[in-house]
Every structure is written in C-alpha cells, then in structure tokens.
Amino acid sequence: MNTSDTIIAPATGSGDAGIAIIRISGADSLSALFRFFTPTGRQTELQSHRLYHGLLRNDSDFVVDEVMAVYMAAPHTYTREDVVEIQCHGGQQVIKSILKLYQSFGIRLAQPGEFTYRAFMNGRLDLSQAEAVSQLIHAKTDSSRKLAIKQMGGGLSRVIYNFSSQLKHILVLTEAWLDFPEEDLPDEDIADFIAVLTDLKSKILTITETYSCGRVLTEGASILLVGQPNAGKSSLMNALLGEDRAIVTDVPGTTRDFLEEGLSIDGVPVSLVDTAGLRTSSDIVEIEGIRRTEEKISLADLVLLVVDSSRTPDQLDFSALESCSGRPIFVVYTKIDKAIELDFNTFGAFPVYRVSSKTAEGLDSLRHGISSFLKKDYTTTDETVLLTESRHFEALQRCLEPIGRALFCCQNNADLELIAFDIREALYFLGQISGETTTEDILDDIFSGFCIGK
Amino acid sequence: MSNYGKNYQVIVVGAGHAGCEAALASARMGCTTLLLTIGLDTVAQMSCNPSIGGLAKGHLVHEVDALGGEMGLNIDATGIQFRRLNTRKGPAVRAARAQADRMAYSARMKNVIENEALLDLKQGLVEEVLVEQNRIVGVKTREGLEFLGQTVVLTTGTFMRGLIHVGLNHYAGGRAGEPSAEGISASLASYGLRVGRLKTGTPARLSARSIDFSKLERQAGDKVVKPFSFMTGSIDRKQVDCYIAETNERTHEIIRNNLDKSPLYAGIIEGIGPRYCPSIEDKIVRFPDKNSHQSFIEPECLKGSEMYPSGLSTSLPPEVQLAYFRSMVGFESVEIMRPGYAIEYDFIEPMQLKATLETRVIDGLFHAGQINGTSGYEEAAGQGILAGINAARQCQEQPPVVIGRDQGYLGVMIDDLITQPTTDPYRMFTSRSEYRLLLREDNADQRLTELGRKIGLVSDERWRCYVEKQKQVEAAMSFLQDTKVTSSDSLTVEKLNLGDLKSGVSLEQLLRRPEINIQDVTSVCSGLRDYSPQALEQVEIAIKYEGYIKRQREQVKRDREQEDVKLPETLDYDAIPSISTEVREKLKKIKPTSLGQAGRIQGVTPAAIAVIQIYLRKKSS
Ligand SMILES: Cc1cc2nc3c(=O)[nH]c(=O)nc-3n(C[C@H](O)[C@H](O)[C@H](O)COP(=O)(O)OP(=O)(O)OC[C@H]3O[C@@H](n4cnc5c(N)ncnc54)[C@H](O)[C@@H]3O)c2cc1C
Ligand SMILES: Nc1nc2c(ncn2[C@@H]2O[C@H](COP(=O)(O)OP(=O)(O)OP(=O)(O)O)[C@@H](O)[C@H]2O)c(=O)[nH]1
Ligand SMILES: [Mg+2]
C-alpha cells in the first residue's frame, strides 16, 4: 500500500445521520482543504487543532455545503500525518459530492482501514491496537463495537502482558541459574514453575476457547434457515428482517438458491441465510440449490430447522433434520397461527420455538434465544477477554505447545536449558500479540533482582 | 618526526588479549604485522581476575580456538585449576573455566608472538592515528616515531585517558603501575568518532601467608580435565585449590560507614560500571538485606604469593579495604599487597563500527576489545581475532568475514555491539544468544573450523584432526543406528536394565532413553570404544536433543527470512516514507546490513521494519 500520498474518506458510518465527518490525511491535507474551503473569518492560516466554520465551494463557486473544519498538524494526529477533518451535513449526496470535489484535486479515496494502516506504519499503534481499531471501523453492531473498544483499551494486552510477565519471571530465574552457576542465587527449585505453568496453561486454554464466540461477535454468526419446501423459511426470514426480502409463495420450491442478508439480533451481528427447501427434485436448478444448502450447513454457527406446524411432520422434515446433524439446531415451528395438535418434541432434545411470521407471535422469544445462544457464557463476565483475531488465536494456541513441553520438562527433571528454551519460545509467540521480551529485559531483571558479581 | 621505514600490512596497537589474537591472526594469514604495546613485560596481562572461561566466555574461547586462535592453547598450557561448570543443566550451557598462572600465561603468549614469523613485537605508546583522506595510513608514538601500515587495529583496553581511583585520590594510569595513553582518543575524536567513558574496578590482592586457609572452605579442581583447545591432548598437571570466604555484618558495617570515602558515592566517577560486576560497596547498598557475600579466593600464580578475592572489587581507600578484609573469618591478620582500585577510561562507541569491526569513519581502522565498550579477556580475544582477520582480508583484497548470530557467540557479540547502545561494559552471557542450543562449546569446531581453514588460519595439523573427528562422528552415528540389541543379549539387558525390551532396538533408540547415556552404551558395546570420546559426545547430543535442535534450527530458518533481506549500504533512508525521524537517523547512522539486523537496533519498531520491507518490495517491482 502506498503511504506517501494524501487520502480521503468519510470517517463516520454510511448511515444517514445528521452530521458526517470526512477525514483527509497526508502531506497535502491542508492545501487540499484551502482549495475549496473559505473560513467565515477569512483567515489565511489555520491554527492546528482548532475548529473553523466556513463554506465549501466547488470550482464554479457554488456552495457545496456549510461545514466545520479542523486542521491537525503532524505528528499529534491519528495517523501522525497532517490531518484535516470536515464536519458536513450527513446526507449521502452531500458526502459524495465533497469526496468528488477532493478527488478532482488529486486526493485519493482511502481503502478500507487505510487510516489505521498509516497510524500503524507510523508507529502510532501497536499491532493489537491497530487490529482492534480496524475492527472498530468495521464493527457493524453495538456489541462488537464494545468488544473492539475493550480490546483497544488494552483488555487483551493486559491479559497477555500478565501471561508474559509470569513466563518472564520463570525465564529470569532459569537464565540466572544457567549463566551464573557460581553466584548466590535462590535454590534451584522448580516446584513453583510447575504450579505457574499449569495455571497458565489452563488460562490460555480458556481464552482460546472464546475465539469462536469472539469471531461471531465481530464477523457475525451465520444462521441457516433449513426445512422442507413450503415450511415457511422465506417468510420467517422476512419477518426477522422486518422487510420483504425473500419471495414468498405457496408454491413449494419457490426459493432455489441462497439469499443472504445481514442484521443485528440483540446487538449480535448475524448473517441470515434462506435456503432452498430440501426434497428430492428433478429440477437441475433446484438440485444444485439443495446441494449448496447441504454444503453451507457444515459452516453454519446455528441452524434453524423450520417446520410447518399446520401439518403433521413427515419424512422430508426428518431428512432435513438429518442433513443438519453435527450443527447446533433450533427447531422452529412456523405458522403457529394455524397450528394443529402436535408433539413438539418429535425432533429430539433441541430448543423449540413456536412462531408465526404472519402475526409475529414468538419472534421476540426466538430472537432472544438466538442471541443468548451466540453470546453463550461470556456475556455475564465483563472481565473476560474475547479473542476475535485469528492471529491472536493462533499465537496463543502455538504458545500452548512450548508451555506444555516446559511443564513436562519441569515434571521430569529435564535439563534446565530445555525449560529455558521452551519458555523463550512461548514468550516469542505471546510477543507476536503485544511486543517481544528482549534479552535486555531478562538481564535487567536478573541484575536488579539478584546480587551478581564476581 | 621520524619514520620507522618499514611498511606493515597490519599494525596492531596494544598487546592485551584482543591485540595478541589480532596480531597472531593477521601474521598467520600471511600479512606482515606489527604489534606495538606500551610495555613488553605486560603482554596478555590479566588486569583483573586470574581466570579464563566460565559461562559464555568459555564458549568464546572455544570459538577463538576453532578459528585457529591462541587463547585456548595458552590457558591449557598455563592453567593451574580447571573446572567444568553446569555439567547437569544441558549440553549448551556446560562451560570450561580455569585459573591461570598469570605470569606463565603472559610469558607463554609473549613467546608465541615472538616466534611468529611475520610478526614484529615492539614497545611503543601510540598517541595519534595517521589518516589521509579518510584512510588510515599508520600510527605515531609518544616519541614521535611513525609506523606506516595499510590497516590498523586499535586494542587499547582501559588505557585511553585511564584514570585510577583509590578512595578520593586519583591519578592517570592505564592499569595499576602502568601509564595511560592520553592522546589517542582525542586523535580519534578529531576525525568524528564519538568517545564515551566507562568504569571498572578490581579488588585488592592479598598475601597468601597472611590468610588462615584452615578457616575457609576448600574448592578443588576437576579430577578429569577437559581442555579448552581442540588441539590439546590431556592435561594431567597437578592442580591448586581455591577457597571460599564470606563477608559478614561487620564487614558491611565498615563499608557502610565509609561510603563517603568512595569516589563512586562521592560523585567523582562519571563512567558507568558493569552491572554484572558491581563493587562490594555497590552490592551492600543495593542489596541491604543480604548479610553475607561470597568470595572465591584464587591464587594468581604458582610461584608467587598473591591471592585474588573475587567479588570484592572496590574503590574505597586502602585503610578501609584492610579493615573490612580483617573483619572476615580467616582474614584476621591479612596483609594487602596491592590495593583494589577503580579505573575510568575512554571507549569508542561501537555503533560506529561495521560488522567487520572496521570503523565507518576511517577506512582501514579496526577496533577490538575493551575500546569497544566490552569487558573481559575472552570478549577481547574474540573481537581481536576477527579484527585481525578482517584487517588481513582487506590487505589481501578478500571479502570480509562476518560471523552470523546462528554461527557463534562471536557473531552475537559483534551484532549486539554494533546495534545496541552501550549502557555499561558489555559482557557475554549465554542468554544473549537466541540460538543457544546450537552454539555449544563442544561443536565450536564444527561451526568455525572450516571457515578458519578457508581463510588460512587453521593449520594442517588442526585440519587433519578436524576431518578425522568428523569422520568418526559419522561412523559412530551409523554404528549406533545399525547395531541392534535384542532380548537375547542378556548381558546388555541386565546391565542397562532393559527388562521391558520386547523386540530388537538399535543402540540409537536406546540412547534416546533419558536414563541411558553414551557411557552406558559404550560399556556394553566394545565396538564403540574405537571412537574418540569427542566423537561420541557429538553423537550423543545429536541423538538425545534431536527434537530441540531441530526446533532451534527452524527458528534460525524463520529468522533467516529477515536476515536474508539485505539492505544495501547505499539505501537512501530519507526516501522511505512514514518512518519516524528518530528511527531514520538511527538507520542512517548504523546502516544495518540486513532487515533482521535493522530490527535489532534499539528503537526501530516493527512498523518501521514493515515499512522498509514494503518500500524495498515496491522498489524492486
Ligand atoms: C582494574 C580493572 C578491572 C577489571 N575488571 C574486570 C572484571 O571484573 N571482569 C572482566 O571481565 N574484566 C575486567 N577487566 C577488563 C579486562 O581486563 C579487559 O576487558 C581485557 O583485558 C580487555 O582486553 P583488551 O585486549 O581489550 O585490553 P587490555 O588487556 O587492557 O590490553 C590493552 C593493551 O594495550 C596496550 N596499550 C593501550 N594503549 C596503548 C597505546 N596507546 N599504545 C600502545 N599500546 C597501548 C596496553 O599496554 C595493554 O597491553 C578489568 C580491567 C581492569 C584494568
Ligand atoms: N398463516 C401463516 N402462513 C404462513 C406463515 N409462514 C409462511 N406462510 C405461508 O406458507 C407458504 C410458504 O411460505 P414460504 O415462506 O415461501 O415457504 P418456504 O419454506 O420459503 O418455501 P420454499 O422456498 O418453496 O422452500 C406461503 O404461502 C406463506 O404465505 C405463517 O407464519 N402463518
Ligand atoms: Mg422460500
């Protein structure tokens, strides 16, 4: 990515809000601002970090918008470059024309996350902060925004820091024993190490287990509507979305391919997928649709098995259930407004919901069930750190291996040197999340902690 | 002004531990070499503790030896007590250590130098470097004599503007009883080299006959000695004992009551001392809870009475030194022969050096040893041999020799020196090496002897032995892999406690068991006795630590990716966008040779490395 030119992009989301902010970053920011902006006070120079009222005009001198503008001189800015922010009126049309204006001046439209990328490149953020910020930008819903903010504030960094300082403590002692065998040092007692490593191992395991949750929260969970033709899947999709997105008819086999739509359920981003009803068909389009449905099932975070409650379940319902085996399943009886006498536990020990897409009955309870399933156990503890980045997940997973080996070495009286080796490796992986532990750090601790010197 | 008339290829200034190795290396590589030093009676003098080796230092000696250096042979010939440290903590942290007979050590080294054909040893105190158009052309002594040379290696130790402190008194000196070299650092500074100031200290030397050794714990040497040098056979000379003494509360009280007489606490000393080698007054101030400190009492030579009390270096006045010694058990009527002292001296910031130890400022000028802010004989010798090699290579118009961090402690040390700012005297520790498992004393030959041979430092004899050992290692490995033990070998089964043996296993597989070592296997298998212990040791380590060694090699490979991205010396850091001015200035100053090295420079952020990487990729595409 080129980082030498000047870039522009809306800094606020694309929703129609009253006010929008457009950000420009790079060496030409200030000259770009002045090219189209006239401050009400007619100033020819703007002070850094001060807000100025004025008008934006295009080359034909037409007023594009009445705005507030601020110029922030490098390096005390988000990107550490010269930055200009323009607060304009929030309509899409206004934003578009302002962007166009600046593009005509040679300012490039920023790629997604490019401001953050620059901030990172300029040393403004550490890697884990940068990742959190980029998630913040992409965060679609409230709860993922909260998560991103927590991580940026150092939630994850703090936990990782705690892990690495415990490992570092072990390494300091071990290295002291190795490098200074003739000095007065604490006894070579590794019983403590075993306790610390055991504890660390289980803590890291716990955190890595939050990964799927964390990922769901930022990337969104995929929820599949599966069921036999005419069960009411598309209607349920529309009801949950609150708009007529999917085509609904009383002809079985209406939906022949996926229809995917994002929405937020109680703050959890979800991507809802309507599928082709499962049955044996001779229509090649439908057959392909069915095949793709089955493929998609294996990737779903949750499957809603949609069952028509106005009729007795039959073989097709059971085979639909079968194709979902292995995935988390909710059994959702639709058309509850015209339900017949039924045994609602026919399909086994899955959570059961009864809804009507027509009257909206039971929809709230379904929504609630979905969101609490996706948020599972972390919602209660605000302290828990959720892993959302695959890089973090991998680093932690990889560090489990050397920790396990070090533990094994400690328990089996292996060479001290090998324990040091494994601890170093574990620290290396943790360092990929929040900065490495250098030899200098270790030596500093040795010399300040122990009286060494012959 | 007069000119000596003879033109040398390499001139080495200072016959300390760095200078001796530098001069011997360049002469052995075929360059006419001059070794100039202040006093011919102090060649390879041990300024401080009379010992060689120890953790990481022993490793350095092995590496110097593997390249064809002298230090290992010299200590093997003059050591009076040998001990191997850390025998049970893993193969890479075992280290050799020996007490030297200080006089014999110095005398033998001088003798070796005197007998080196292309090497002239002369007395002379250098006051000035001679430079023409940024290129060194020679040196000038205090007497005004000029020696001309194509390259110069400076190894001035603690002598540049050396200032000795004893109590609140101080005077110029390079080492107790020797003059300082006053002019040379100013001469270097005039060409733009940055000069810094450091400090170190040494304890008093005590008279043996005034110490009651019966009250001290005795510490003997190892029964079987493992020599430092690859070329030394066995050492079975009689060894001397050391003793262990202890300070006590009274000692500490005396010191505490006299802190105002310490130049350090009185604020007279500006140089920074080594963290790992604090004076006794420092230890007592910094660790007030410790009510006793240990000291090894080491003999300085066989035919002499001076004893060296380790860990008790000081700059307190002599009368205070005497009082605190006499408070210690066994030292009630001790006599001090030479008082302890502290010394401040100039060093030249090593970040101004290339990885060849040539200065960036003056072509053909190399620095090695304490002048680079290091401390220790072994560190000095290691730099010395490399500076000597590279000075010679330059004269011979051959590409320079740089040792990688994965190749030796020598590489780790030099890379550290040129990328990390010196905050206190640099000493080698095994923990400084990220590839410790690969950099062992036992495989120094495998790491460096081929290189030494290639550049003409390794003698035919050493090469022959090396090749022979390699052959043995290979043969022993095949032997272990091919020889099987079955449950019917009842003697083996019984001796090695193999009751659980079901099907046949190879000796190699047996050796993998933690409880079985190579001696056990040799005891039941006479065929192995044909191989040398050194070869068997290699095979044992390779088998027992295979998993770890493999992982370590993977780390080397992982880091190599950045190590292999070479940064041209001509790289224009001003043209790279988005790196902070601070980082840019550092990179411009140090001119790292690889991306990996750039990343090790203090203050260079991963973000900056990413930017450079992106910039290079963009430029090449
Ligand atoms: C008081 C004291 C305490 C020390 N304490 C410790 C310690 O606790 N631990 C430790 O590891 N190390 C210690 N050392 C350091 C150790 O002695 C050195 O690190 C090591 O000897 C350095 O080797 P070198 O070759 O660089 O320099 P040196 O061994 O100092 O040799 C320098 C040589 O250069 C000669 N020379 C200097 N200037 C000139 C000149 N201008 N012209 C001609 N010849 C010159 C000198 O005569 C000398 O022979 C101490 C040194 C001193 C003096
Ligand atoms: N009364 C009532 N009718 C419903 C309800 N949900 C769906 N229907 C009707 O059932 C019929 C089928 O609905 P769809 O939503 O198209 O069913 P589908 O499962 O998507 O069917 P295919 O796409 O063909 O697989 C339509 O006529 C809907 O109007 C409901 O909750 N109550
Ligand atoms: Mg449908």
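Look at the dipole of the protein assembly as shown built from charges on Cβ: of A:THR334, B:SER594, A:ALA119, the Cα furthest out on the positive end belongs to B:SER594. Over all other residues within a Cβ to Cβ distance under 12 Å of B:ARG512, the charged ones net out to -2, with Lys and Arg as +1 and Asp and Glu as -1. For region B:205-342, what does the alpha-carbon gyration tensor say about shape, rounded, prolate or oblate, given a ≥ b ≥ c as the root eigenvalues, a/c under 1.5 as rounded, and a/b over b/c as prolate? Prolate, because a/c is 1.5 or more and a/b exceeds b/c. Using the average count of surrounding beta-carbon atoms within 10 Å as a protection proxy, the listed peptides A:269-279, B:491-501 rank, highest first, as A:269-279, B:491-501. Sequence-distant contacts, meaning Cα pairs under 8 Å at least 6 residues apart, place the relative contact order of region B:205-342 at 38 percent. Remark: region B:339-344, residue by residue, has Karplus-estimated 3J(HN,Hα) of x, x, 7, 10, 9, 9 Hz, where x stands for each Gly or Pro and the curve is 6.51 cos²θ - 1.76 cosθ + 1.60 at θ = phi - 60°.
When both bridge partners sit in chain B, DSSP labels roughly 70% of those beta bridges antiparallel.
Placing +1 on each Lys and Arg Cβ and -1 on each Asp and Glu Cβ, with no other charges, gives region B:565-620 a dipole about its Cα centre of roughly 160 debye. Taken one residue at a time, the phi angles of region A:295-300 give Karplus couplings (6.51, -1.76, 1.60, θ = phi - 60°) of 4, 5, 4, 5, 9, 6 Hz. Gly and Pro are set to x. Starting from the Cα of B:PHE213, step 7 Å toward the Cβ, then list every residue of region B:236-251 with an amide N under 15 Å from that point. Inside the label zone: B:238-245. Computed over protein heavy atoms with a 1.4 angstrom probe, the accessible surface ordering of A:HIS49, B:HIS59, largest first, is A:HIS49, B:HIS59. Stokes-Einstein diffusion of region B:565-620 at 20 °C, 1.002 mPa s viscosity, Kirkwood radius from Cα pairs, rounded to a whole number: 196 µm²/s.
So if each residue of separation counts as 0.36 nm, and I subtract the Cα-Cα distance between A:TYR161 and A:PHE373, what length gain in nm does that give? Between A:TYR161 and A:PHE373, full extension yields 73.3 nm more.
In whole angstrom, region B:102-261 maps to an equivalent ellipsoid with semi-axes of 39, 28, 13, each derived as √(5λ) from the alpha carbon gyration tensor and ordered largest first.
For the peptides B:449-462, A:339-352, A:281-294, B:404-417, the ranking by mean Cβ contacts within 10 Å, running from highest to lowest, is B:404-417, B:449-462, A:281-294, A:339-352.
Other residues lying with their Cβ under 12 Å from the Cβ of A:ALA246 contribute a combined charge of -3, Lys and Arg counting +1, Asp and Glu -1.
For region A:217-375, the number of Lys pairs separated by eight or more positions or lying on different chains, with C-alpha atoms closer than 13 Å, is 4. Extent along the principal axes, Cα only, for region B:475-561: 52, 28, 20 Å, with the longest axis given first.
Solvent-accessible area of A:PHE193, all protein chains in place: 10 Å² (probe radius 1.4 Å, heavy atoms, ligands and nucleic acids excluded).
Short-range pairs are left out: with C-alpha atoms under 8 Å and at least six residues apart, the relative contact order of region A:217-375 is 25 percent. Karplus-derived 3J(HN,Hα) values for region B:404-411, using 6.51 cos²θ - 1.76 cosθ + 1.60 with θ = phi - 60°, are x, 5, 8, 9, x, 4, 4, x Hz; glycine and proline are entered as x. Bridge orientation summary for the protein assembly as shown: considering DSSP beta bridges with both residues in this region, about 65 percent are antiparallel. The share of C-alpha pairs in region B:1-109 whose separation exceeds 18 Å stands at 55 percent. Using r as the Cβ-Cβ distance of B:GLN481 and B:LYS557, and R0 as 25 Å, what FRET efficiency do you calculate, to the nearest 0.05? E(calc), rounded to 0.05, equals 0.50. Using the Stokes-Einstein relation with a Kirkwood hydrodynamic radius computed over Cα pairs, the translational diffusion coefficient of the protein assembly as shown at 4 °C and a viscosity of 1.567 mPa s comes to 37 µm²/s. If you take all C-alpha pairs in region A:7-124, what percent of them are over 26 Å apart? Roughly 13 percent, once rounded to a whole number.
Between A:SER212 and A:HIS76, the FRET efficiency estimated from the beta carbon spacing at R0 = 60 angstrom works out to 0.95.
Extending 7 Å from Cα along the Cβ direction at B:VAL361 and again at B:SER506 yields two label points whose distance is 5.9 nm. Label 7 Å along Cα→Cβ of B:ARG194; region B:569-588 residues with amide nitrogen under 20 Å? Of the residues in region B:569-588, B:573-574, B:580-588 have backbone N under 20 Å from the label point off B:ARG194. Over 18 Å apart at the Cα level, from the set B:LYS354/B:LYS586; B:LYS57/B:LYS226; B:LYS502/B:LYS550; B:LYS354/B:LYS566; B:LYS557/B:LYS591; B:LYS6/B:LYS140, are B:LYS502/B:LYS550; B:LYS557/B:LYS591.
Rolling a 1.4 Å probe over the protein heavy atoms leaves B:SER180 with an accessible area of roughly 10 Å².
Summarised as an ellipsoid, region A:411-451 has semi-axes of 20, 18, 6 Å, derived from the eigenvalues of the Cα gyration tensor scaled by 5 and square-rooted, with the largest first. Based on protein heavy atoms only, region B:205-342 ends up with 46 Å² per residue of surface accessible to a 1.4 Å probe.
In this calculation the C-beta distance from B:ASP289 to B:LYS454 is compared with R0 = 60 Å, giving a FRET efficiency of 0.65. Using the Cα gyration tensor of chain B, with a ≥ b ≥ c the square roots of its eigenvalues, what is the shape: rounded (a/c below 1.5), prolate (a/b larger than b/c) or oblate (neither)? Since a/c reaches 1.5 but b/c is at least a/b, the shape of chain B is classed as oblate. Here region B:205-342 is assigned +1 on the Cβ of each Lys and Arg and -1 on the Cβ of each Asp and Glu. Its dipole about the Cα centre then comes out at about 360 debye. Among beta bridges from DSSP that stay inside region A:217-375, the antiparallel ones total about 25%.
On full extension, the segment bounded by A:GLU294 and A:THR312 gains 4.1 nm, given 0.36 nm per residue less the C-alpha separation. Summing charges over all other residues whose Cβ lies under 11 Å from the Cβ of B:ASN372, with Lys and Arg as +1 and Asp and Glu as -1, gives -3.
Per-residue mean of foreign Cβ neighbours for B:89-97 is 5 (Cβ atoms of other chains, 10 Å radius). For chain B, averaging the sequence separation of C-alpha pairs within contact (under 8 Å, six or more residues apart) and dividing by the residue count gives a relative contact order of 17 percent.
Ordering B:LEU125, B:CYS31, B:ALA100 by Cα displacement along the dipole of region B:1-127 toward the positive end leaves B:ALA100 in first place; charges were set at the Cβ atoms of Lys, Arg (+1) and Asp, Glu (-1). The alpha carbon gyration tensor of region A:172-233 gives principal lengths a ≥ b ≥ c with a/c of 1.5 or higher and a/b greater than b/c, which makes the shape prolate.
Checking the Cα-Cα distances for B:LYS110/B:LYS471; A:LYS168/B:LYS283; A:LYS96/B:LYS619 against a 28 Å cut-off, the pairs over it are B:LYS110/B:LYS471; A:LYS96/B:LYS619.
The values are calculated or read from the model by the stated rules, or taken from the named source; none is laboratory data. Note that the structure is predicted; figures quoted are calculated from it, not measured. As a convention, Cβ positions derive from the backbone with ideal geometry for all residues, glycine included, and neighbour counts pool all protein chains shown. These accessible areas exclude ligands, DNA and RNA; they are computed on the full protein's heavy atoms, side chains included. Shrake-Rupley method; radii C 1.70, N 1.55, O 1.52, S 1.80 Å.
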